[in-house]
Amino acid sequence: MANIKFEGRWVPAEARIATNSLVINLGDLVSEASGFMVKAGTTGEIVWISLSKYTFEADNQTVGKRKVTFIPKTTDLILEIVADAAIEQANVGSYFNMNTDGTVDVATISTSKSVVDTSDTGVATDVVINKQMQLVKVITSTLWDFKIV
């Protein structure tokens with residue numbers, strides 16, 4: 001869960017139907033899967049930030065059809081997020097992915113937005129992984145400002 005800050009214009013909120021059994025909180029990072037709103041995973045594009053706090057029913061997609069209210073990511077949007085380890089001032093501008101608990105995964109640090117995963121040692125085609133967040137500012141030793149990339 002992230003604290004939301006804006007550096008510029010406010011963007012209007014939107015809403016779309018949530019996936020079944022989704023548990024969402026204000027500030028959760030959101031993506032879309034099969035036409036329904038889901039929490040963003042540890043890789044892949046983060047598209048929205050939740051303005052909802054709700055536990056959706058197991059049949060929400062077909063029966064309840066309740067919606068997640070969200071704002072789209074913008075270049076003006078800054079998120080105050082906790083990381084799973086310390087990040088130094090020298091790392092401002094670096095790119096990271098998220099953990100499933102909504103914290104920044106410091107082990108995924110990169111100076112590039114996209115990296116090639118060669119961990120298969122040449123057995124299969126190398127996969128390009130796009131990072132999800134960029135460090136903008138160190139606030140304290142346990143709190144940082146990020147933007148979605």
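If only residues of region 96-122 that are more than 25 Å from ILE24 (Cα to Cα) and modelled with pLDDT of 80 or more are counted, the one that is surrounded by the most Cβ atoms within 10 Å (Cβ to Cβ) is ILE109.
Being under 25 Å from ALA107 (Cα atoms), polar (S, T, N, Q) and surrounded by fewer than 19 Cβ atoms within 10 Å (Cβ to Cβ) is the requirement here; does THR42 meet it?
Yes, satisfied.
Looking only at region 62-71, count every residue that is under 16 Å from LEU26 (Cβ atoms) and not charged (D, E, K, R) and tell me the total. Within region 62-71, residues that are under 16 Å from LEU26 (Cβ atoms) and not charged (D, E, K, R) number 4.
Exactly one residue among VAL30, VAL38 is more than 17 Å from PHE146 (Cβ to Cβ), of a type in the set (A, V, I, L, M) and not in a loop (DSSP other than H, G, I, E, B), and that residue is VAL38.
The values are calculated or read from the model by the stated rules, or taken from the named source; none is laboratory data. Bear in mind that the values here come from a model prediction, so they are computed numbers and not experimental data. All Cβ positions, even for glycine, are placed from backbone atoms using ideal geometry, and neighbour counts span all protein chains on display.
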